[in-house]
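To keep things clear, I will list the structure first and then write my remarks on it.
What follows is calculated from the coordinates using simple rules that are stated; it is not laboratory data. Note that the coordinates shown come from a computational prediction; the quantities given were computed from them, not determined experimentally. Ideal geometry is used to build each Cβ from the backbone, glycine not excepted, and the neighbour counts take in all protein chains shown.
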Amino acid sequence: MISFPLFVVVVVAEVMPFDEERSTEAAISFAFLNLARVDPGIAEQQQRHFDALRSFLRSVVARLAGARAGDVEEFTRRLHVLVDGLSLHLLFGRIGETDVHAALDRELAALPGG
C-alpha cells in the first residue's frame, strides 16, 4: 500500500512534465502565460487554470496537514510555487525527475503531518 505522502507526490507529479505528453502540455501552458500578459481573454483562461491547480493543491495540503486555514494557505502557496518552478526547470532539462521528487519530498515533509 502507498503511504499518503507518497500518494500525494504521485498525484502532484501528474501535472508536471515527466513525459512527452505532459511536456507538450506544459510548453503550451507556459506559452499561453506569456500571451496572457497582453490578451485579456487568454489571461482569464490562464487564471481559471491557475485557480484549479491551486484548489487541487489546497485540498491535498489540507488533507495531509490537518492544519489551520492560515497554515493551509501558506503551504498551498509554497507547494504551488514549487510545482510551477520545478515544472519549468524540468521542461527545459535543467533538473531531472530525481531532483523534482526530492524537492517535493522535502516540501511535503515540512507540512504538519507530513
Among [x] 21, 17, 12; [y] 25, 18, 11; [z] 105, 12, 5, which one is semi-axes √(5λ) of the Cα gyration tensor in Å computed from these coordinates?
[y]
Using the Karplus curve 6.51 cos²θ - 1.76 cosθ + 1.60 with θ = phi - 60°, work out ³J(HN,Hα) for each residue of segment 86-91 in order, rounded to whole Hz, and write x for Gly and Pro.
4, 4, 4, 5, 5, 4
Do the sum for the chain: with -39,500 (n - 2.57) for every DSSP H run of n ≥ 4, divided by all residues, what is the mean residue ellipticity at 222 nm, to the nearest 500 deg cm²/dmol?
-26500 deg cm²/dmol
Per-residue counts of other Cβ atoms within 10 Å, averaged by peptide: what ranking do you get for 75-83, 40-48, 26-34, highest first?
75-83, 26-34, 40-48
